[in-house]
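Remarks on the structure that follows.
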Amino acid sequence: MIKKRLSRIYKKLYSSFGKQRWWPGDTKLEVIIGAVLTQNTAWPNVEKSISNLKKAGKISFKKLSKERMSGIARLIKPAGYFNIKAKRLKNVLRFIAESYNSSLSLMQKADGASLREELLGINGVGPETADSILLYAFGKPIFVIDSYTTRILSRLKILSQDVSYEDAQKLFMDNLPKDVRLFNEYHALIVKLGKDYCRKNNPRCQECPIRDEH
C-alpha cells in the first residue's frame with residue numbers, strides 16, 4: 001500500500017515538475033559547502049554566499065582550509081548565522097583533512113554507513129546535512145529528510161508532524177528501490193512541492209499536483 005502510494009506520488013510530482021537537476025554544484029566540495037550553509041536559510045542566500053566564495057577564489061580545499069574563520073564568515077554572510085557556519089565549515093574541512101588526507105576521492109570510496117557515522121560525529125553536522133553530503137556529493141543511496149518532507153507527509157496522513165528523522169527516512173528507505181537517482185529526484189521534487197504549494201502558511205491545496213492523494 002505505502003510502496004504504491006509513494007511511487008504514485010513520485011510519478012505525479014515528476015509529471016508536474018519534471019527533472020529538478022538538484023543539487024546545484026560544480027564540484028563535490030561545492031556541494032558539501034552548500035549542505036552546511038543551507039542550514040536554517042533559503043537556497044538563494046546560499047547561492048549568494050557560494051558566489052562570494054567563488055569570486056574570492058576560495059572554492060578549493062586548500063584555500064578554504066587556510067582561510068581564517070573571520071574571512072570565511074565575511075564571505076558567507078548572506079547565508080545567515082555566518083560565524084557559526086564558518087566554524088562548522090572549518091570542522092568539516094578539518095575532519096576531511098585528518099580522516100581522509102584532504103582527499104574527497106578517498107572519501108568517495110568509504111562505506112556509506114561508516115561515513116555517515118563519521119559525519120554525524122562532526123560538531124554542527126546533523127542527519128539532514130550528513131545525508132545531503134552522502135547523497136548529493138558522494139552518490140550514496142540514502143534518502144534526505146527535511147521539514148518539507150515531514151510537512152507534506154503529515155498533511156497526507158502518512159506520518160505525524162512530529163515523526164523522528166530516522167522513522168521518516170526509514171519509510172522511504174524501506175519502500176523505495178535503493179537508487180541514488182530516484183532518491184535525488186524524489187527529494188528535490190518534495191522540496192519543489194513544499195516551497196511552491198505545500199507551504200507552511202497559506203498552502204495552495206487546490207492547485208497542488210497531488211491534491212487527490214489527501
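Read-outs throughout are calculated quantities, based only on the coordinates presented, and are distinct from any laboratory measurement. Just so we're clear, the structure is a prediction, and the values are computed from it rather than from any experiment. When we count neighbours, we look across all protein chains shown, and the Cβ atoms used for this are built from the backbone with ideal geometry, even at glycine.
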Open item on the list: Only counting other Cβ atoms within 10 Å, I'd like 69, 107, 1 sorted with the fewest neighbours first.
Closed with: 1, 69, 107
Open item on the list: Using Cβ counts within 10 Å as a stand-in for footprinting exposure, how do 23, 43 rank, fewest first?
Closed with: 43, 23
- [ ] Check each of the trypsin sites (Lys or Arg not before Pro) in segment 1-67 and keep only those in coil by DSSP with at most 13 other C-beta atoms within 10 angstrom; list them in order.
- [x] 19, 21
Task: Scattering curve values for segment 1-85, log₁₀ I(q)/I(0), Debye with Cα scatterers, q = 0.22 Å⁻¹ - done: -0.98
TODO: Work out the FRET efficiency for residue 162 and residue 54 from their Cβ-Cβ distance, taking R0 = 35 Å, and round it to the nearest 0.05.
DONE: 0.35
Task: Whole-Hz couplings from phi, Karplus 6.51/-1.76/1.60, listed for segment 191-198; x for Gly and Pro - done: 4, 4, 5, x, 6, 9, 10, 7
Task: Principal axis dimensions, segment 94-209 - Cα atoms, whole angstrom, descending - done: 52, 28, 23
Task: Base-10 log of normalised Debye intensity for segment 28-137 (one unit scatterer per alpha-carbon) at q = 0.12 Å⁻¹ - done: -0.36
Task: Using a Förster distance of 45 Å, the FRET efficiency for residue 97-residue 19 (Cβ separation, nearest 0.05) - done: 0.80
Open item on the list: Cut-off 15 Å, label point 7 angstrom out along Cα-to-Cβ of residue 83: give me the residues of segment 60-74 whose amide nitrogen falls inside.
Closed with: 69-74
- [ ] Would you work out the relative contact order for the chain, in percent, from Cα pairs under 8 angstrom that are 6 or more residues apart?
- [x] 24
- [ ] Could you work out the local net charge near residue 184, counting Lys and Arg as +1, Asp and Glu as -1, over the other residues with Cβ closer than 14 Å to its Cβ?
- [x] +2
Task: Hits among lysines - C-alpha to C-alpha of residue 12 under 19 Å, sequence gap 8 or more where chains match - done: 3, 4, 157, 192, 195
Task: Rounded FRET efficiency, nearest 0.05, which uses the C-beta distance separating residue 117 from residue 211 and R0 of 30 Å - done: 0.15
